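Peer 1: I have a structure here, written as structure tokens, and I will follow up with some questions on it.
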Amino acid sequence: MGKKQAGTGPLSRRPDNSAFKQQRLPAWSPSLTAQTVLPTFYILSLVCLFLGIWLFITVENTYELKIRHVDYTNAGTCEQCFDLRKHAITSRTACTCTVSFQVPKTFPGDVFFYYGLRNFHQNLRRYMDSRDDAQMVGRKNNLKAPISYCAPFDYVANRVPIAPCGAVANNMFNDSLTVIYNPADGSEIQVPLYRKGIAWYTDKNIKFRNPPTNDTFTLQQAFEGTTRPLYWQRSVYELDDTDSNNNGFINDDLIVWMREAAFPNFKKLYGVLNRAQGPFTEGLPAGNYSLSINYNFPVEPFRGRKELVISMVTWFGGKNYFLPIAYLVTSGLVLVAAVILTTVYVKVGKKGKNMEE
């Protein structure tokens, strides 16, 4: 026998008479009373308080030194370089300067060096869109024909395409920083830094790729027919003269810069202390230092400042007070809410028996 055909009357589309389709499944409806809600509020407040204090202590034990008091924007011998970078006609004139600073206490363990910029808004929508991600993964078509979002940094006057194109790449931070340790004996020791491996793994291996090359077709030949961005000192295929594998679109400094910052005051990783040499095996010793700068990046047009940031990194990350302060503020707000609810409960009473008619 075949299956009986369903009727065609007004009840033919009625759901089956099952617990699921008729919404008769067992359900739990919590009974929220003062005896359950108020303790939950107080416990939550205590948990947030303890977490906030713990994170605050962790952040306090993270050493960070910002070279602001000897701001290298126009400090030391950098005044002349600062003036040179004010004008486009002298933007490519080589200039080096030195700034002295002191590390008051030893940075134990791994030490991270950052460059910092102030009042630089990388989070503007048009600025963030001014890039060609297809070009940055090495596609030949986009290499010679950048997308319109890159304009006016897509072609030079004679229609030669710029690689990499766009405003983000055009004003890449290109100061070269060298930190010198000056121990008490009067000698000078260059602080060794790891300058590779500072970019995110996904950026280095997925989002940024060079055009295809082989033993007979070099990276310079792959970029033939393109030109460097307007304010760059070097072409993209010769950014690193010490490591040929760190050139092109997979250059670590370029990748770090291309990940835009969310706030106008930010820092980006420049290098990590190499602890295999000299007096740096235990970390960065306290003492006198000097910072030698190959001064290229102009900050006068946007009234910005430049700084070197030296920091430790713990399991929590760098020195950032946002999360502990957020926990402490949340703890205070929950505690205030708990006290208000307790006061209302005491005055009104259970089921409002103390409420005036």
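The values are calculated or read from the model by the stated rules, or taken from the named source; none is laboratory data. Values in this document were obtained by computation on a predicted structure and should not be read as measured data. When we count neighbours, we look across all protein chains shown, and the Cβ atoms used for this are built from the backbone with ideal geometry, even at glycine. The area values use the complete protein model at the heavy-atom level, side chains included, leaving out ligands, DNA and RNA. Shrake-Rupley method; radii C 1.70, N 1.55, O 1.52, S 1.80 Å.
Peer 1: Given Ile293, Ile325, which one is touching a residue at least 12 places away in the same chain (Cβ under 8 Å), in contact with a helix residue (DSSP H, G or I) (Cβ under 8 Å, 6 or more places away or on another chain), of a type in the set (A, V, I, L, M, F, W, C) and closer than 26 Å to Thr106 by Cβ?
Peer 2: Ile293
Peer 1: Just to be sure before I move on: is Thr40 of a type in the set (S, T, N, Q), open to solvent by 70 Å² or more (accessible area, probe 1.4 Å), out of contact with any Phe, Trp or Tyr (no Cβ under 7 Å at 6 or more places or on another chain) and at pLDDT 90 or above in the structure I sent? Even if it seems obvious, please write down each step before you answer.
Peer 2: On the way: of a type in the set (S, T, N, Q): yes; open to solvent by 70 Å² or more (accessible area, probe 1.4 Å): yes; out of contact with any Phe, Trp or Tyr (no Cβ under 7 Å at 6 or more places or on another chain): yes; at pLDDT 90 or above: yes.
Against the criterion (of a type in the set (S, T, N, Q), open to solvent by 70 Å² or more (accessible area, probe 1.4 Å), out of contact with any Phe, Trp or Tyr (no Cβ under 7 Å at 6 or more places or on another chain) and at pLDDT 90 or above), Thr40 qualifies.
Peer 1: Further question: Based on this model, can you work out whether Leu239 counts as within 17 Å of Asp175 (Cα to Cα), surrounded by 20 or more Cβ atoms within 10 Å (Cβ to Cβ), within 25 Å of the chain's Cα centre (by Cα) and not β-branched (Val, Ile, Thr)? Don't jump to the end; show me each part of the working.
Peer 2: Details: within 17 Å of Asp175 (Cα to Cα): yes; surrounded by 20 or more Cβ atoms within 10 Å (Cβ to Cβ): yes; within 25 Å of the chain's Cα centre (by Cα): yes; not β-branched (Val, Ile, Thr): yes.
For Leu239, the condition - within 17 Å of Asp175 (Cα to Cα), surrounded by 20 or more Cβ atoms within 10 Å (Cβ to Cβ), within 25 Å of the chain's Cα centre (by Cα) and not β-branched (Val, Ile, Thr) - is met.
Peer 1: So which residues in region 78-97 are in a loop (DSSP other than H, G, I, E, B), out of contact with any Leu (no Cβ under 9 Å at 6 or more places or on another chain) and surrounded by 12 or more Cβ atoms within 10 Å (Cβ to Cβ), if there are any at all?
Peer 2: Cys78, Arg85, Lys86, Arg92
Let's see how each residue does on (1) open to solvent by 40 Å² or more (accessible area, probe 1.4 Å); (2) in contact with a Lys or Arg (Cβ under 8 Å, 6 or more places away or on another chain); (3) over 28 Å from Gly271 (Cα atoms):
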residue: Leu117; (1), (2), (3): no, yes, no
residue: Phe120; (1), (2), (3): no, no, no
residue: Leu124; (1), (2), (3): yes, no, no
residue: Asp133; (1), (2), (3): yes, yes, no
residue: Asn142; (1), (2), (3): no, no, yes
residue: Ser148; (1), (2), (3): yes, no, yes
residue: Asn171; (1), (2), (3): yes, no, no
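Peer 1: Which one of the conditions (1) assigned to a loop (DSSP other than H, G, I, E, B); (2) in contact with a strand residue (DSSP E or B) (Cβ under 8 Å, 6 or more places away or on another chain); (3) crowded, with 17+ Cβ neighbours inside 10 Å does Ala261 fail to meet, given that it meets all the rest?
Peer 2: Looking at each condition in turn, Ala261 falls short on (3).
Peer 1: Oh, and also: Only one of (1) over 30 Å from Val272 (Cα atoms); (2) outside any loop (DSSP other than H, G, I, E, B); (3) in contact with a helix residue (DSSP H, G or I) (Cβ under 6 Å, 6 or more places away or on another chain) is not met by Arg126, so which one is it?
Peer 2: Status for Arg126: all satisfied but (3).
Peer 1: Would you point out which residue out of Asn210, Asn265 is modelled with pLDDT of 90 or more and either more than 30 Å from Tyr181 (Cα to Cα) or aromatic (Phe, Trp, Tyr) (or both)?
Peer 2: Testing whether each residue is modelled with pLDDT of 90 or more and either more than 30 Å from Tyr181 (Cα to Cα) or aromatic (Phe, Trp, Tyr) (or both) leaves just Asn210.
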